[in-house]
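Step one of this worksheet: look at the structure below.
The values are calculated or read from the model by the stated rules, or taken from the named source; none is laboratory data. Bear in mind the structure is a predicted one, so any value in this text is a computation, not a measurement. Neighbour counts run over all protein chains shown; Cβ positions are idealised from the backbone, glycine included.
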Amino acid sequence: MKLAVPDMISNSYIAAIELGFFGKEGLDVELELIFPVDKAYAALRLGAVDFVGGSEVVKGRSIGAAPWVDMGLHRLLIEAGFDLDRDRVKIAPVLGATGQSVNFGLTVARALEDRKIDGFWANGMGAEVAVRRGAGTVVLDVRRGDGPKSCFDYTMASIATSDRLIERSPTAAPAAVRAIAGAHAALKKDVTLASKIRHKLFPPTEAELIAELIRRDLPYYDTTISPDFVTGMNQFARDVGILSGDVPCQMIVAKAN
């Protein structure tokens, strides 16, 4: 029999195997590391493993998330098989983490460090600060394939405008797309360019992290919004109750002519 765990710090499960307690109960159990936890449960569903240890990653936890952004985490956990009420998962904004002058990620990283929350769903800067301070670890990174497959289409970095502006200035939206694409190209060529603006946006300690964060994320810098993504986003929006039908791709995506 196999027992899957999402990490090797699940001490009680490992100890039960290594110290022979499963054997004493007549069970021949071996340990298998399957990360992240939703993949462990997928393996359980498929019959590849017999037990999963580690669902306490979110069960009974308080997780900080910004309004609207929290909808993605809600849906992701549901898709992964969690019942938020039954499993006592609390997802809510963090006191003091909203406002025009506040970086949500940095604020929730401090809240995690102060043990006001058990985890957070936020940006790369917040995650990096939490990791470097020893306050937490990254357990889920959707862009890199963690979580249910559909959750990749829940959100993406984008720039939006109104139909009013498009009608008034039809060249503006394509120009904005080209500008973003130009910035991407420049950063891919020389990531240190980010250092020239970092101190305008972040405190000194966090500012030093910008170039490294951008370097790590460069593979995901792309102005393309594919029809497949729009289909997935439409489905997500219907699932969370903010859309009743499908919005065609051509009504959403500006072309960089």
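Does any residue of the stretch 234-248 turn out to be more than 25 Å from residue 67 (Cβ to Cβ), hydroxyl-bearing (Ser, Thr, Tyr) and out of contact with any Leu (no Cβ under 8 Å at 6 or more places or on another chain)?
no
Which members of the stretch 199-222 meet the condition of being of a type in the set (Lys, Arg) and within 23 Å of the chain's Cα centre (by Cα)? Walk me through how you get there before you give the answer.
The first filter runs over the stretch 199-222 and keeps only residues of a type in the set (Lys, Arg), leaving 200, 215-216.
Residues satisfying the conditions are 215, 216.
Going through the stretch 130-162 one residue at a time, which ones are farther than 17 Å from residue 230 by Cβ and exposed (fewer than 14 other Cβ atoms within 10 Å of the Cβ)?
Quick first cut of the stretch 130-162, residues farther than 17 Å from residue 230 by Cβ only: 130-148, 162.
Those that are farther than 17 Å from residue 230 by Cβ and exposed (fewer than 14 other Cβ atoms within 10 Å of the Cβ): 131, 132, 133, 134, 137, 138, 141, 143, 144, 145, 162.
Take residue 173 and tell me if it is more than 19 Å from the chain's Cα centre (by Cα), surrounded by 13 or more Cβ atoms within 10 Å (Cβ to Cβ), without any contact (Cβ under 8 Å) to a residue 60 or more places away in the chain and in the same structural domain as residue 221 (by TED's automatic domain parsing).
Numbers: more than 19 Å from the chain's Cα centre (by Cα): yes; surrounded by 13 or more Cβ atoms within 10 Å (Cβ to Cβ): yes; without any contact (Cβ under 8 Å) to a residue 60 or more places away in the chain: no; in the same structural domain as residue 221 (by TED's automatic domain parsing): yes.
It is false that residue 173 is more than 19 Å from the chain's Cα centre (by Cα), surrounded by 13 or more Cβ atoms within 10 Å (Cβ to Cβ), without any contact (Cβ under 8 Å) to a residue 60 or more places away in the chain and in the same structural domain as residue 221 (by TED's automatic domain parsing).
Take the conditions among the hydrophobic types (A, V, I, L, M, F, W, C) and touching a Gly at 6+ places or on another chain (Cβ under 8 Å) and apply them to residue 213. Does it pass?
Numbers: among the hydrophobic types (A, V, I, L, M, F, W, C): yes; touching a Gly at 6+ places or on another chain (Cβ under 8 Å): yes.
Yes.
Name the helices (runs of 4 or more DSSP H) wholly inside the stretch 96-200 in which the number of residues that are closer than 18 Å to residue 70 by Cβ is 3 or more. Before the answer, list the steps.
Values: elements: 104-113, 124-132, 163-168, 172-189.
By residue number, 104-113, 124-132.
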